[in-house]
Amino acid sequence: MSEWCQNKKCPEKKNQNQIRGSKGAKYYQSNKAYSYYGYWCSMGCRDTWFNEHKDTCMNAVGFIDKQVLPLDDAWFVRADYTWNSGNCDYLYYIINKNRGIKQQITREQAQTPEDIARDWDYRTINDEQARELAVQLGLAS
Ligand SMILES: [Zn+2]
């Protein structure tokens, strides 16, 4: 591990905050890695690094073939928002496209108690939880 941005061209960004050294011997230096991006200081540096090393990464991880997700089992929950007399309201649906099902559900069914507590009304339960809900509602077995 290094605390420094892993893009070797990071100093070439020539940002003011990268200047170090004393008068007559000033230089630009790498930024520190920013935890949100992992080993880089920014999305730009991560992209530069990835473009240079993508083949090495892919060969290390290994290539995979086409992936498929059977639609019959592919339940998901979606939050759609509508404008109601000046208010933005969310409506929640449980959906399975292969079975042609789009059924409205309650917020309590569509979200986790944590989402509701934080009032993140756009969030929904994940696909695995959606499948469990479909079984509970008698839509799937
Ligand atoms: Zn950087």
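Of the set (1) within 30 Å of Leu137 (Cβ to Cβ); (2) within 16 Å of the ligand (Cβ to nearest atom), all apply to Trp4 but (1). Considering Ala79, Ala33, Ala60, Ala25, the condition of being away from the ligand (no atom under 16 Å from the Cβ), surrounded by 13 or more Cβ atoms within 10 Å (Cβ to Cβ), at negative phi and of a type in the set (Gly, Ala, Ser) is satisfied by Ala79 alone.
Taking each residue of segment 34-47 that is in contact (Cβ under 8 Å) with a residue 40 or more places away in the chain and looking for partners that are assigned to a helix (DSSP H, G or I) with beta-carbon atoms closer than 6 Å, six or more apart or interchain, yields Cys45/Cys10.
For the residues Lys9, Lys13, the requirement of being in contact with a strand residue (DSSP E or B) (Cβ under 8 Å, 6 or more places away or on another chain) and within 10 Å of the ligand (Cβ to nearest atom) singles out Lys13. Per this entry, Val68 is not counted among residues that are away from the ligand (no atom under 16 Å from the Cβ), at pLDDT 95 or above and among the hydrophobic types (A, V, I, L, M, F, W, C).
Residues that are open to solvent by less than 100 Å² (accessible area, probe 1.4 Å) and part of a loop (DSSP other than H, G, I, E, B) were ranked within segment 36-51; the one that is modelled with the lowest pLDDT is Gly38.
When only residues in segment 5-22 that are free of Cβ contacts under 8 Å to residues at least 40 places away in the same chain and surrounded by 16 or more Cβ atoms within 10 Å (Cβ to Cβ) count, which is nearest to Lys54 (Cα to Cα)? Restricting to residues being free of Cβ contacts under 8 Å to residues at least 40 places away in the same chain and surrounded by 16 or more Cβ atoms within 10 Å (Cβ to Cβ), the top hit is Cys10.
Taking Leu139, is it open to solvent by less than 50 Å² (accessible area, probe 1.4 Å), within 18 Å of Asp73 (Cα to Cα) and modelled with pLDDT of 95 or more? Criteria not met by Leu139.
Across segment 63-106, the number of residues qualifying as touching a strand residue (DSSP E or B) at 6+ places or on another chain (Cβ under 6 Å) and without any contact (Cβ under 8 Å) to a residue 60 or more places away in the chain comes to 19. Starting from residues that are exposed (fewer than 14 other Cβ atoms within 10 Å of the Cβ) and hydrophobic (A, V, I, L, M, F, W, C), keep the ones in segment 102-127 and report whichever is nearest to the chain's Cα centre (by Cα). Among those residues, the one meeting the criterion is Trp120. What is the number of the single condition among (1) open to solvent by 70 Å² or more (accessible area, probe 1.4 Å); (2) in a helix (DSSP H, G or I) that Lys66 does not meet? Condition not satisfied by Lys66: (2).
The values are calculated or read from the model by the stated rules, or taken from the named source; none is laboratory data. Nothing here was measured: the structure is a model prediction, and the numbers come from that model. Here Cβ is always computed from backbone atoms with ideal geometry, including for glycine, and neighbour counts include all displayed protein chains. In case anyone asks, the SASA skips ligands and DNA or RNA and just uses the protein heavy atoms, side chains included. Shrake-Rupley method; radii C 1.70, N 1.55, O 1.52, S 1.80 Å.
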